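The values are calculated or read from the model by the stated rules, or taken from the named source; none is laboratory data. It should be emphasised that the depicted structure is a prediction, and the values quoted were computed from it without experimental measurement. Virtual Cβ from ideal backbone geometry, glycine too; neighbours counted across all protein chains shown.
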Amino acid sequence: MSKKSSGVNRREFLVGASAIGLTAPLLVYSKPQKRLKAQVVVVGGGYGGVTTAKYLKKENPQLDVVLIEERPFFMSCPMSNHFLAGLIELAPLCFSYNVLEVKYGVKVIQDKVLAVELDRKVVRTSTGYIGYDYLVLSPGIDYDIEDKPFYKESLVYNPPAFKPGSEHIYLRKLIEDFEGGDIVITAPPPPYRCPPAPYERAALIASMIKRNKLKSHLYFIDANERPLINSEGFLSAYYDLYKDVATYITSAQVREVDVGKRVVKTSHGDFKYDLACVIPPMKANNLLERAGLLKKGQKWVEVNPLTFESSVKNVFVIGDASQSYLPKSGYAAHSEGKLVAKLINARIKGKEVKEEYMQMICYAMVSDKEAIMTETSFRYDSVSKRFIPSHREDNQRKEATAKRYEEWAKGLWRDMFS
């Protein structure tokens, strides 16, 4: 059985964080004093926000750009399953926002955004107001748990690790402390951040069980009928590599999580656990609902598919928070950030641009050394006024694909932070 730990205490967290260099400030960022004004304000320092801010300044160095991000450093969710499974440490996934200020002249403000006042064209933070001419919102996701209160307690003890930072550090520690017993991982109904992530995580944890020769069994509980992406590749890995250490349960809805008794109750029965990663349903960040950009009953912000502009002129919503034809992924947010930067710079000059073709690439590990991939092209059809996808999957697990996965991620990070 595993250790019955209630979690990581503050001292343990600080010691662990210090070891990977996260307690020392990476940069002392500016904070607004009462009121500022910028031509473009970007909210959110993830893949979409960083890319937008960089390319706005790269293409127009004279532009006044402010990036607001609450966290002191960037952490990548893509490849974070490598970290959770003990294949890499956290440091390679983390980057300072320093290069945006020093090399490109973006004013980076570390602060919490409290509200977006669209009528006044200001962003309100914990320390002041920042006015804008153009606004790019890339705040990511929140967990959609208002009508499922059991998730709130589960978040404390069974971290989903779909928001970068402390959730990942805590889950990694729980995994490191795990000595054996039953593991439960859940996959939520779509749409959610990074479609292959739960399936990759289950594969890597199953691989860890075998690698460490643990007396353990993984129950992977999927709300969906089959993996949402690369079904053939994931199913082949589950049944060929892990059938002795893992059970894959499909079309199973989570109905309750009893953290006291350590039980996940589903439509397909109850599953006791010694270690759990319960991933709730997701929605756009709550900031967007407070801003009035979400209609009643909506989970994601509707945008113009050609420009990612919201219903409010010169206000753009990119990344996981938007309801677009693209999957919710870091690569998609990066591509959207480039497009919106180009569009804003053109609009400032009195011109308009739009993108009628986009290409997405997605990788996923299925073992410690092997990966699969999907490439999807989206082309705009002017008759139906929607983007038509064309998929190409490589479901043969290969070490060469895993190496390309690593280079793909490093290429994204170089593009954002160099």
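For the reader, a short list of remarks on this structure follows.
- Of all residues in the stretch 77-97, those satisfying the criterion of being in contact with a strand residue (DSSP E or B) (Cβ under 8 Å, 6 or more places away or on another chain) and not aliphatic (A, V, I, L, M) are Asn81, His82, Cys94, Phe95, Ser96, Tyr97.
- Flag for Thr186 being surrounded by fewer than 21 Cβ atoms within 10 Å (Cβ to Cβ) and among the hydroxyl-bearing types (Ser, Thr, Tyr): no
- Selection count, the stretch 29-53, where residues are modelled with pLDDT of 95 or more and buried (at least 20 other Cβ atoms within 10 Å of the Cβ): 14
- Per the listing Ser166, Ser138, Ser154, the residue uniquely in contact with a Ser or Thr (Cβ under 9 Å, 6 or more places away or on another chain) and of a type in the set (Ser, Thr, Tyr) is Ser138.
Results for (1) aromatic (Phe, Trp, Tyr); (2) surrounded by 21 or more Cβ atoms within 10 Å (Cβ to Cβ); (3) out of contact with any strand residue (DSSP E or B) (no Cβ under 7 Å at 6 or more places or on another chain), shown as yes or no for each residue.
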site: Lys328; (1), (2), (3): no, yes, yes
site: Leu339; (1), (2), (3): no, yes, yes
site: Asn345; (1), (2), (3): no, no, yes
site: Arg379; (1), (2), (3): no, no, no
site: Arg392; (1), (2), (3): no, no, no
site: Glu406; (1), (2), (3): no, no, yes
site: Ala409; (1), (2), (3): no, no, yes
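- Restricting the stretch 210-222 to residues that are surrounded by fewer than 21 Cβ atoms within 10 Å (Cβ to Cβ) and either aliphatic (A, V, I, L, M) or in a strand (DSSP E or B) (or both), the residue that is nearest to the chain's Cα centre (by Cα): His217
- With respect to the conditions (1) within 30 Å of Asn286 (Cα to Cα); (2) exposed (fewer than 15 other Cβ atoms within 10 Å of the Cβ); (3) small (Gly, Ala, Ser); (4) in contact (Cβ under 8 Å) with a residue 60 or more places away in the chain, Ser418 lacks only one, and its number is (1).
- Number of residues in the stretch 295-322 that are over 20 Å from the mean Cα position of the chain (by Cα), under 22 Å from Leu339 (Cβ atoms) and in a loop (DSSP other than H, G, I, E, B) equals 9.
- Pairs with Cβ under 9 Å, 6+ apart, first in the stretch 79-94 and in a loop (DSSP other than H, G, I, E, B), second surrounded by fewer than 21 Cβ atoms within 10 Å (Cβ to Cβ) and of a type in the set (S, T, N, Q): Gly86/Asn212
- When we screen Glu146, Glu153, Glu176 for residues that are outside any strand (DSSP E or B), among the acidic types (Asp, Glu) and within 24 Å of Gly319 (Cβ to Cβ), the only hit is Glu146.
- Residues of the stretch 95-143 that are within 23 Å of Glu167 (Cβ to Cβ), out of contact with any helix residue (DSSP H, G or I) (no Cβ under 9 Å at 6 or more places or on another chain) and part of a loop (DSSP other than H, G, I, E, B): Asp111, Lys112, Ser126.
- Residue within the stretch 54-77 that is at positive phi and either polar (S, T, N, Q) or at pLDDT below 60 (or both) present: no
- Qualifying residue in the stretch 371-380 (condition: without any contact (Cβ under 8 Å) to a residue 24 or more places away in the chain, of a type in the set (D, E, K, R) and either in a strand (DSSP E or B) or within 23 Å of Pro189 (Cβ to Cβ) (or both)): yes
- Taken together, Pro139, Pro149, Pro191, Pro164 contain a single residue that is under 15 Å from the mean Cα position of the chain (by Cα) and closer than 14 Å to Pro281 by Cα, which is Pro191.
- Filter result (outside any strand (DSSP E or B) and in contact (Cβ under 8 Å) with a residue 12 or more places away in the chain) within the stretch 386-415: Glu399, Thr401, Ala402, Arg404, Tyr405, Glu406, Trp408, Ala409, Leu412, Trp413, Asp415
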